[in-house]
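Notes follow once the structure below has been shown.
The values are calculated or read from the model by the stated rules, or taken from the named source; none is laboratory data. The structure presented is a predicted model; accordingly, all values stated were derived computationally and were not measured. FYI the Cβ positions are ideal-geometry reconstructions off the backbone, even for glycines, and counts take in every protein chain you see.
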Amino acid sequence: MTGERDCRMPERSHRRTGMAFLALLAIFALGACTQPRDAVPIGGTLSVLGPDQALIEAVSQGEVAPGWEISGEMPPGALAIHQIDKYRALGVTAGATPFALLRRTHASLLATPYLSWAWHTDQVARSGSHPVRILVVLVDRDRKAERSWWQFGGGNVTRVIQMVWNASALGRGSVVGPRVEADRPESARYIARGGPEQGNSWRFDTVDLALIHRQVWPGDDPSKMDIRYIGVAAQASTSPASMPATMNVAAIRLMR
């Protein structure tokens, strides 16, 4: 790992937070309509994961929903639909091999920079971050990527931003990166939540992807960056079968 730095994002209370919270609650109730194969923002808003009925049916049948792609080797039973409280969510369980389930999107980073989501976990590691995280994949329209990410997306991935649940709540709001690995594009981690005290309850978060990108990669031209994929990913986990590392995710949404 080279060139990695930790940038603490300022705590901000912008007007979008209240609206995003209400919108997230509303999205939990959705799920009856199948979304297009390639998700495109309509009116500056894009619902990425509800989960909707198409994803629910695909997961229940062990298939991949239209518009979604799997990268890596996903263990059997890694995906499930869970009902927690009054909300329905996609449960993602980390296994022995890393994998990702991502939805293809066509969105401009500057046009729709705000990402909102809800997540719930029972098991929070005492050290390190939770192996399941939310992933945002960026592509520079004018740049030919030199490395692919798990041979994903035709090898044209430029940047990857991960939203993680850390072992401690103290690092919340920190941006760590860029992380450089030999066979993958540069990545950054945003610590959105942390600590076991945050577990066992639904948590709602909103981040400014354009701000994270600018902090980690100030030399990039943000006007040329597209958000090409959004979804969930799991690192390899050694958690015992009796205590699986599972993250429940819902209401992932892009907006401006």
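Report yes if Ala188 is under 16 Å from the mean Cα position of the chain (by Cα) and closer than 28 Å to Leu55 by Cα, otherwise no. In short, yes. When the stretch 183-196 is limited to residues that are modelled with pLDDT of 90 or more and charged (D, E, K, R), the one that is surrounded by the most Cβ atoms within 10 Å (Cβ to Cβ) turns out to be Arg189.
Output yes when any residue across the stretch 162-182 is assigned to a helix (DSSP H, G or I), free of Cβ contacts under 8 Å to residues at least 40 places away in the same chain and surrounded by 17 or more Cβ atoms within 10 Å (Cβ to Cβ), and no when none is. Checking the stretch 162-182: at least one residue is assigned to a helix (DSSP H, G or I), free of Cβ contacts under 8 Å to residues at least 40 places away in the same chain and surrounded by 17 or more Cβ atoms within 10 Å (Cβ to Cβ). From the list Ala233, Ala241, Ala251, the one residue that fits, being under 19 Å from Pro76 (Cβ atoms) and buried (at least 22 other Cβ atoms within 10 Å of the Cβ), is Ala233. Of all residue pairs spaced 6 or more apart or on separate chains, those with beta-carbon atoms under 6 Å, a first member in the stretch 59-72 that is under 21 Å from Ser47 (Cα atoms) and a second member that is in a strand (DSSP E or B) and among the β-branched types (Val, Ile, Thr) are Val59/Ile81; Val64/Ile70.
Summed over the stretch 69-80, the residues that are within 22 Å of Ala245 (Cβ to Cβ) and modelled with pLDDT under 95 give a count of 8.
Against the conditions (1) without any contact (Cβ under 8 Å) to a residue 40 or more places away in the chain; (2) within 23 Å of Gln83 (Cα to Cα), Ile252 satisfies every one except (1). Within the stretch 141-165, being of a type outside the set (Val, Ile, Thr), modelled with pLDDT of 80 or more and under 23 Å from Gly72 (Cα atoms) holds for Arg159, Gln162, Met163, Trp165. With respect to the conditions (1) more than 13 Å from the chain's Cα centre (by Cα); (2) at pLDDT 95 or above, Ala107 falls short on a single one, namely (2). Residues in the stretch 221-252 that are within 19 Å of Gly199 (Cβ to Cβ) and either touching a helix residue (DSSP H, G or I) at 6+ places or on another chain (Cβ under 8 Å) or aliphatic (A, V, I, L, M) (or both): Val232, Ala234, Met243, Ala245, Met247, Val249, Ala250, Ala251. Which residues, counting only those in the stretch 183-226, are free of Cβ contacts under 8 Å to residues at least 24 places away in the same chain and part of a helix (DSSP H, G or I)? Within the stretch 183-226, Arg214 is the sole residue that qualifies.
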